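Worksheet for the structure shown next.
The values are calculated or read from the model by the stated rules, or taken from the named source; none is laboratory data. Note that the structure is predicted; figures quoted are calculated from it, not measured. We place every Cβ from the backbone using ideal geometry, glycine too, and count neighbours over all the protein chains shown.
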Amino acid sequence: MSSQISTLIEKATNLKDAFEPIGCAQSFGAKYLETQFGPAAILPQNLIINCECDPEISLAERLTNSTERDILFSYFQEVGDKVETILSQQKRPLVIGGDHSLSIATVSGFKKHHPSSDIALVWVDAHLDSHTPETSPSQNLHGMPLAVLMGHGHKDLCNLYELGTKLKPENLFIIGARSYEQGEFDLLKKLNVRVYFKEEVDSRGFENCFAEILSILSQKALPFAVSLDLDVMDPSFGSGFGSPEAGGISPDELYSIMEKLSLETLCKMVEIVEYNPTLDEEGKTKNVITNLINHLTHARSSL
């Protein structure tokens, strides 16, 4: 971890309504196992929750093998509990992944903190991540978290913490999607989820689309989380993520929304996921993450 990141983390944690970093070192949901090394490249070890899952077994085996199943659910429980604890301390989790399946745990923990209120989620990603085991070609869990959170998929994952749906479809907003399969597209269409696909983002501008989401969330007056998969960026800006898709957005566009989120009182959690340091040529993607954290903390520290 660089001294620059260490300074940013100290800045992030010493403010009212501050961001509290958590590292989730896991890759059991991803194609590339090295995603588990992402948090250690960004955060000190004492802020990282490690997972002892065997990352190489299939999802079906993971959910039927009693030992692996217990490890998986214990890990998700630990991550979700940590999120809920930070929120109960009037701070905001800043989650560094790990693959995107960890959002099953983090958003469930977020919902646990708001048992009598709906929550909202903004999913910034090149993919829809809304498969079920019946529709997923890869059977990778990081392609399923949104379906799980809306109550579709493996029942035990859907019922993490409490029975049923954690997230209502009308409170989910996906932005930046440009690669997906028919099965997940059909599910989101059936549920009437608002998706800002690449074509709309290109036409209207990423920042304008994101501002519209914030406006809707302000009207709903719901606590919300933002989950950012680095693959939403165009791969020309960095290589440190496992599912690159051409035609993405720029880091500058992401920096702009981070400053807005820092000052947004309804924004209660931010995630940055899918960093793979073994693919990161010249550390370009790590520099983007550093700048994302900087923009997320700078606005509040200057108040």
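Looking at segment 192-203, which of its residues are in a helix (DSSP H, G or I) and in contact with a strand residue (DSSP E or B) (Cβ under 8 Å, 6 or more places away or on another chain)?
Lys198, Val201
What's the number of the only condition in (1) crowded, with 17+ Cβ neighbours inside 10 Å; (2) of a type in the set (Lys, Arg); (3) over 30 Å from His295 (Cα atoms) that Arg178 fails to meet?
Of the numbered conditions (1) crowded, with 17+ Cβ neighbours inside 10 Å; (2) of a type in the set (Lys, Arg); (3) over 30 Å from His295 (Cα atoms), the odd one out for Arg178 is (3).
Does segment 168-181 hold any residues that are farther than 23 Å from Asp234 by Cβ and in contact (Cβ under 8 Å) with a residue 40 or more places away in the chain, and which are they?
Lys168, Asn171, Leu172
How many residues are in a helix (DSSP H, G or I) and out of contact with any strand residue (DSSP E or B) (no Cβ under 6 Å at 6 or more places or on another chain) if we restrict to segment 204-224?
Qualifying residue count, segment 204-224: 12.
Residues in segment 47-69 that are at pLDDT 95 or above and either of a type in the set (S, T, N, Q) or surrounded by fewer than 15 Cβ atoms within 10 Å (Cβ to Cβ) (or both): how many?
Total meeting the criteria: 1.
Identify all residues within segment 85-99 that are in a helix (DSSP H, G or I) and buried (at least 20 other Cβ atoms within 10 Å of the Cβ); write none if there are none.
Residues satisfying the conditions are Ile86, Leu87.
Take the residues in segment 249-280 that are surrounded by fewer than 23 Cβ atoms within 10 Å (Cβ to Cβ) and of a type in the set (Gly, Ala, Ser), then tell me which one is farthest from Ser101 (Cα to Cα).
This residue is Ser256.
Only one of these conditions is not met by Lys260: (1) charged (D, E, K, R); (2) within 15 Å of the chain's Cα centre (by Cα); (3) assigned to a helix (DSSP H, G or I). Which number is it?
Exception for Lys260: condition (2).
When you check Asp118 against the structure, is it part of a loop (DSSP other than H, G, I, E, B), over 25 Å from Thr64 (Cβ atoms) and modelled with pLDDT of 95 or more, yes or no?
Yes.
Assuming Leu296 fulfils every condition listed in (1) surrounded by fewer than 17 Cβ atoms within 10 Å (Cβ to Cβ); (2) at pLDDT below 95; (3) within 25 Å of Ala221 (Cβ to Cβ) apart from one, which condition is it?
Single failed check for Leu296: (1).
Within the bounds of segment 127-143, is there any residue that is of a type in the set (D, E, K, R), surrounded by 21 or more Cβ atoms within 10 Å (Cβ to Cβ) and assigned to a loop (DSSP other than H, G, I, E, B)?
yes
Would you check which residues across segment 106-126 are within 14 Å of Val270 (Cα to Cα) and either surrounded by fewer than 19 Cβ atoms within 10 Å (Cβ to Cβ) or within 10 Å of the chain's Cα centre (by Cα) (or both) and list them?
Thr106, Val107, Leu121, Val122, Trp123, Val124, Asp125
Report the residue count in segment 226-253 for those that are among the hydrophobic types (A, V, I, L, M, F, W, C) and either modelled with pLDDT under 95 or under 16 Å from Asn276 (Cβ atoms) (or both).
6
Could we say that Gln77 is more than 16 Å from the chain's Cα centre (by Cα), in contact (Cβ under 8 Å) with a residue 40 or more places away in the chain and in a loop (DSSP other than H, G, I, E, B) here?
no
Yes/no per residue for (1) over 29 Å from Leu87 (Cα atoms); (2) among the charged types (D, E, K, R); (3) touching a residue at least 40 places away in the same chain (Cβ under 8 Å):
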| position | (1), (2), (3) |
| --- | --- |
| Val195 | no, no, yes |
| Val201 | yes, no, yes |
| Ser218 | no, no, yes |
| Leu230 | no, no, yes |
| Pro235 | yes, no, no |
| Ile249 | yes, no, yes |
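Where residues in segment 146-191 are among the aromatic types (Phe, Trp, Tyr) and either within 18 Å of the chain's Cα centre (by Cα) or in a loop (DSSP other than H, G, I, E, B) (or both), which of them is nearest to Ser218 (Cα to Cα)?
Once the filter is applied, the top-ranked residue is Phe173.
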